[in-house]
Amino acid sequence: MTIAAPPTPARRRNNRRRRHGTYGYVFFTPFLVVFAVAIAAPLLYAVYLSFFQDRLVGGNVFVGLDNYRQALTDSLFRAGVGRVALFLAVQVPLMLALALVAALAIDSGRARWSSLFRIGFFVPYAVPSVVAVLMWGYLYGRRFGLVSTIDQWVALPDPLGRSWMLASIGNVVTWEYAGYNMLILYAALRAIPTDIYEAAQVDGAGEFRKAWSIKLPAVRPALLLATVFSIIGSFQLFNEPNVLQSLAPSVVTTSYTPNMYAYNLAFNGQQFNYSAALAVVLGAVTAVIAYAFQRSTKRTP
Amino acid sequence: MRRRRSNALTAVMVLMLIYTMLPLAWLLISSTKNSSDLFSSFGLWFGHGFHLFDNVHAVVTYDGGIYLRWFVNTLLYAVVGAGGAAIIAALGGYALAKYDFRGRRLLSALVLGAITIPGTALAVPTYLLFSRVGIVNTPWAVLIPALASPFGLYLMRVYAADAIPDELLEAARIDGAGEIRTFFTVSLRLLAPGFVTVLLFALVATWNNYFLPLIVLSDPDWFPLTVGLAHWNSLASGAAGSGATTVSFYPMVITGSLLAIVPLVVAFLLLQRFWQSGLAAGSVKQ
Amino acid sequence: MSTKRLIPAVLLAVALAACGSSKSTTTTTDEPVTLTFWTWVPNIQKTVDLYHQKFPKITVKVVNAGQSADEYTKLQTSVKAGSGAPDVAQIEYFALPQFALAKQVVNLNDYGAASLESKYGKSAWAQVNVNGGVYGYPQDTGPMVMFYRQDVLASLNIQPPTTWQEFEAAAVKIHAANPKNYISTIDPGDAGGVDSMLWQAGSRPFKTVSPTEASVNLGDSGAGTWSALWSDLLSKKLVDPAPGWTNDWWQGMDSGKYAVWIAGAWAPGSISSTIPDTNGKWRAAPMPQWKAGDNVTAENGGSSDAVVTTSKNKAAAAAFAQWLNSDPAAAKSLNDNGLFPATTALLNDQSFLDSPNAFFGGQQANKIFADSSAHVATGWQYLPFQVYANSVFKDTVGQPISNGTDPAAGLKAWQQRIVDYGKQQGFQMTTN
């Protein structure tokens, strides 16, 4: 039985925490070690590399900021960044809208077979992107694929042609990740306590009103999280265009996305240093945009 | 709650389901075809024969059963990598949430910033670094990067802050339990749903991991399934030149892809219950 | 629950990691030696097993580290890092100069390669010579041949074209009969294919002048001849700029949508294993000529086997590579595997030349291959960084090809890209 009269609770709690502060280090150390080896070290090494150039003739040379200067004036790099920015602006909202509609539909309980849909929509996420592109590669085939069959009745543009390639890639990415995002949103919806609904019902709110005033606000944090991850993912776009290359080699160029450019520079051109500089710039751009997005949607709680 | 069934909504959902399943239908049907059928019949309907079992046999026995080796590798990377990542993230998140130590805020911000770094940006330097140390082409090159999950740390920190009341920890301390003992007897149980969520996300991420293993591994013996299938795929598209392909890789790539998807889908079906509750708790608290 | 599976998995991981990186450091041939051989030739284990029977003390571990550029990347970086590189590696002819100049493969003259010159066809030998040294043993070659669908041409009463003018006339006929069909395709992503065409047309665009100087001219007269014809073919839609080796393309090859494929002698192996339905429907003929009566051909593809400089068993590696590519039993085994030989022994062997090929409806196709091999034009070279150059082909020349416009503009862009890269890498670049 506790007897002593407690001092102000906040201060007391702080004292307690600080007393056991050293254990914080103990628990945190494993992560710190792994983080240092797997993330910090490569990052620092990349920055280090970016200040040199290792040439076929002449060997390793210190070049200061030359690689960065080149990166900022590289038209291929800028085109790639522009491309993923465009991709981001269109694909992310579309995919998340799709995910939201599906989540709301399933949550409302007004569609039949909702568990079938839930699993079905999620399955593409379990498919490796290499396989996803293989399948869509067939479907997009203009000569013998599904597109060619449909083309006999309804004129379709060439999905692997210059004008539609980005959209076709967007379609594959949406196909892969919509279900995953849907589940994140659905889980948030499921966490809404039912008494809120009962109160709304009593107030006479219809289905749409409920969705608008209750569900959407509740889903907001999850939606924002999904958006930030999709933004980061879009800037990193690599797997899908890389595998689609073989189907449309001249459309998906070696610098189609910034990541592909960095990869090809390093592995076909042995230009590791410039590749590292590009990676650092790309990382910075991604971080800035993701952070800006987060700030702009911050609400006072 | 009243649930009036809406046929319109169901119809829309069915359309979405068709969109989702269409490519997989092609994969399934194509797995029953041999090479001549693949290139002479309509993609979304069957060919002249049923060769699924022949294809499966070819996939599983080619090159001394390397496909099975890839499967085991993938399991290894996923279980050890994802399992390790979840444990490390849980420990770290617990530390950030429940302890006040110097540099906590700085470290927390650093880690959060790390989430925005494109993984692919790190791949090339990671390769070069590992190359210097001499661990390229070994499982360590794949496992070590898999163990660091800043996103997992973030999730666990949020979850731990919410799910473990300080009072409970205080009570344990008053009873004389050490910090580590407290973690195992009190906190772990409360962290379980969040832990499972992080574990499952990490599992899928490592199962589908492609880019980094592609770069750091050169011996097919260590490939995970994703890299192995891409490898067969590029052999199938034998670029002009030597090493004439007298083996048709196309049916193997397709059937191999089908076999690679099945376990993950089954695992998710079986573990549904767990990740739904974990997701609910984890994603709502921002 | 999870620890039970975790511990064995971890132990397995540690055990496997320990086993995976054994390296042999013995130098005498009496002690057992393990060599690592990177190659992407499928089923080559059969040939390697012959070697194991002959020299039981030597074990050759066959590893498929990727095909072409995929393997070269790993090879370059592992040699640079000093660890993880194989002892012997398959390297295509176009990439060999790059490795030779970077001193990443061994000069086989040090192992008596010069004495083997007579064993190999002239064009094969020329392709492994870089700056006076021999850097690889020729494994196979790809003398160019025209493969055509007998049934398709016969149904339209077309004779297999012997000149490029006849080729265009045939193209017109085929496309007019059915707008969905074409005489052939041209792959906007295949640098090697266009290189071979330029080679035959007399162009010599690439030169490695010295270890620090290179020259590129993709606008010479040979290139001009080639691009004039293909500009015509592309703009009149007489050829289909379809990427090769895709689902679409194979379906087209199977259905007869494409009547002709001009490629190296290795092509029949790919056709018969992928679309076996068409066995017996194909015939071989010499590739079309620019001047009636000429007999000028080129090589398309082909690899050598080289010894890597970081190898700890160079002598044993050289001995193995030499055996693989000159021993009659090995050569026969490789040939059975679909590789077209580089050795004069097989190329001159009467029974080889006379054997009827069921794939070609009984035609004695080897005669045509051997004849092509004997007439490969001389003087062709590659750049010291051809791997890079080929990787940006699709970004430059591939554009007008897929757009159906004049490839000459693309060749110019390719040249510029090559010059820029060369300069950045410290080479002195000329464009005459």
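The values are calculated or read from the model by the stated rules, or taken from the named source; none is laboratory data. Predicted model only: the values in this text are computed from it and were never measured. In this analysis, Cβ positions are derived from the backbone assuming ideal geometry, glycine residues included, and neighbour counts consider all displayed protein chains. Heads up: the accessible areas ignore ligands, DNA and RNA and are worked out on the full protein's heavy atoms, side chains in. Shrake-Rupley method; radii C 1.70, N 1.55, O 1.52, S 1.80 Å.
Descriptive notes on the structure:
Here is a yes/no grid of residues against (1) over 30 Å from residue C:271 (Cβ atoms); (2) in contact with a Ser or Thr (Cβ under 9 Å, 6 or more places away or on another chain); (3) among the charged types (D, E, K, R):
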residue	(1), (2), (3)
B:44	no, yes, no
B:69	yes, no, yes
B:77	yes, yes, no
B:84	yes, no, no
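- The residues on offer are A:222, A:199, and the sole one that is crowded, with 20+ Cβ neighbours inside 10 Å and of a type outside the set (Val, Ile, Thr) is A:222.
- Residues in segment A:167-180 that are at pLDDT 90 or above, open to solvent by less than 30 Å² (accessible area, probe 1.4 Å) and not hydroxyl-bearing (Ser, Thr, Tyr): A:169, A:170, A:172, A:173, A:175, A:176, A:178.
- Out of B:28, B:96, sole residue that is farther than 29 Å from residue A:116 by Cβ and of a type in the set (A, V, I, L, M, F, W, C): B:96
- Looking across segment A:108-121 at every residue that is part of a helix (DSSP H, G or I) and more than 7 Å from every other protein chain (Cβ to nearest Cβ), the one that is surrounded by the fewest Cβ atoms within 10 Å (Cβ to Cβ) is identified as A:115.
- So residue A:256, is it more than 8 Å from chain C (Cβ to nearest Cβ), assigned to a loop (DSSP other than H, G, I, E, B) and closer than 19 Å to residue A:81 by Cα: yes
- Candidate set: segment A:22-47, residues that are hydroxyl-bearing (Ser, Thr, Tyr) and farther than 17 Å from residue A:265 by Cβ; chosen: the one least open to solvent (accessible area, probe 1.4 Å): A:29
- Test: residue in segment C:224-238 that is surrounded by fewer than 21 Cβ atoms within 10 Å (Cβ to Cβ), within 14 Å of chain B (Cβ to nearest Cβ), over 18 Å from residue C:174 (Cα atoms) and touching a residue at least 40 places away in the same chain (Cβ under 8 Å): no
- Count of residues meeting criterion [polar (S, T, N, Q), more than 18 Å from residue C:304 (Cβ to Cβ) and open to solvent by 20 Å² or more (accessible area, probe 1.4 Å)] in segment C:45-92: 4
- Considering residues of segment A:180-200 that are facing chain B (nearest Cβ under 10 Å) and among the small types (Gly, Ala, Ser) only, the residue farthest from residue A:230 (Cα to Cα): A:191
- Residue in segment C:136-167 that is modelled with the lowest pLDDT, counting only those that are of a type in the set (Val, Ile, Thr) and either part of a strand (DSSP E or B) or within 18 Å of residue C:300 (Cβ to Cβ) (or both): C:141
- Considering segment C:343-432, the qualifying helices (runs of 4 or more DSSP H), each wholly inside and each with 2 or more residues that are under 19 Å from the mean Cα position of the chain (by Cα) and in the same structural domain as residue C:284 (by TED's automatic domain parsing), run over C:365-374, C:386-391, C:393-396.
- Hey, residue C:269 on the phi > 0 side of the Ramachandran plot and of a type outside the set (Asp, Glu) or not: no
- Where residue B:186 falls short, out of the listed (1) within 11 Å of chain A (Cβ to nearest Cβ); (2) touching a helix residue (DSSP H, G or I) at 6+ places or on another chain (Cβ under 6 Å); (3) open to solvent by less than 40 Å² (accessible area, probe 1.4 Å): (1)
- Residue among C:216, C:194 that alone is buried (at least 18 other Cβ atoms within 10 Å of the Cβ) and away from chain A (no Cβ under 14 Å): C:216
Yes/no per residue for (1) under 17 Å from residue C:371 (Cβ atoms); (2) within 14 Å of chain B (Cβ to nearest Cβ); (3) modelled with pLDDT under 95:
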site: C:286; (1), (2), (3): yes, no, no
site: C:289; (1), (2), (3): yes, no, no
site: C:294; (1), (2), (3): yes, no, yes
site: C:297; (1), (2), (3): yes, no, no
site: C:303; (1), (2), (3): no, yes, yes
site: C:308; (1), (2), (3): no, yes, no
site: C:312; (1), (2), (3): no, no, yes
site: C:316; (1), (2), (3): no, no, yes
site: C:322; (1), (2), (3): no, no, yes
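- Yes/no for residue B:134 being of a type in the set (Gly, Ala, Ser), more than 7 Å from every other protein chain (Cβ to nearest Cβ) and out of contact with any Cys (no Cβ under 7 Å at 6 or more places or on another chain): no
- Any hit, segment B:110-131, residues being under 18 Å from residue B:87 (Cα atoms) and more than 10 Å from chain A (Cβ to nearest Cβ): no
- Among the candidates A:61, A:57, A:81, residue that is touching a Gly at 6+ places or on another chain (Cβ under 8 Å) and either assigned to a helix (DSSP H, G or I) or modelled with pLDDT under 95 (or both): A:57
- Residue match in segment C:117-140 (condition: within 12 Å of chain B (Cβ to nearest Cβ), open to solvent by less than 40 Å² (accessible area, probe 1.4 Å) and out of contact with any Asp or Glu (no Cβ under 9 Å at 6 or more places or on another chain)): yes
- Candidates A:139, A:160 - the one that is surrounded by 15 or more Cβ atoms within 10 Å (Cβ to Cβ), in contact (Cβ under 8 Å) with a residue 40 or more places away in the chain and not β-branched (Val, Ile, Thr): A:160
- Condition met for residue B:142 (farther than 16 Å from residue B:197 by Cα, within 14 Å of chain C (Cβ to nearest Cβ) and surrounded by fewer than 22 Cβ atoms within 10 Å (Cβ to Cβ)): no
- Scanning segment A:263-286 for residues that are under 23 Å from residue A:57 (Cβ atoms) and part of a helix (DSSP H, G or I) yields a total of 11.
Condition check ((1) more than 8 Å from chain A (Cβ to nearest Cβ); (2) of a type outside the set (A, V, I, L, M); (3) in a loop (DSSP other than H, G, I, E, B)) across all residues:
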{"position": "B:63", "(1), (2), (3)": "yes, yes, no"}
{"position": "B:91", "(1), (2), (3)": "no, no, no"}
{"position": "B:102", "(1), (2), (3)": "no, yes, yes"}
{"position": "B:107", "(1), (2), (3)": "no, no, no"}
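- Residue C:381 being modelled with pLDDT of 90 or more and touching a strand residue (DSSP E or B) at 6+ places or on another chain (Cβ under 6 Å): yes
- Residue C:404 being more than 11 Å from chain A (Cβ to nearest Cβ) and closer than 14 Å to residue C:230 by Cα: yes
- Segment A:235-253, subset in contact with a Phe, Trp or Tyr (Cβ under 8 Å, 6 or more places away or on another chain) and assigned to a loop (DSSP other than H, G, I, E, B), residue nearest to the other protein chains (Cβ to nearest Cβ): A:238
- Segment C:87-110 - residue that is among the aliphatic types (A, V, I, L, M) and outside any helix (DSSP H, G or I) and, of those, nearest to the other protein chains (Cβ to nearest Cβ): C:102
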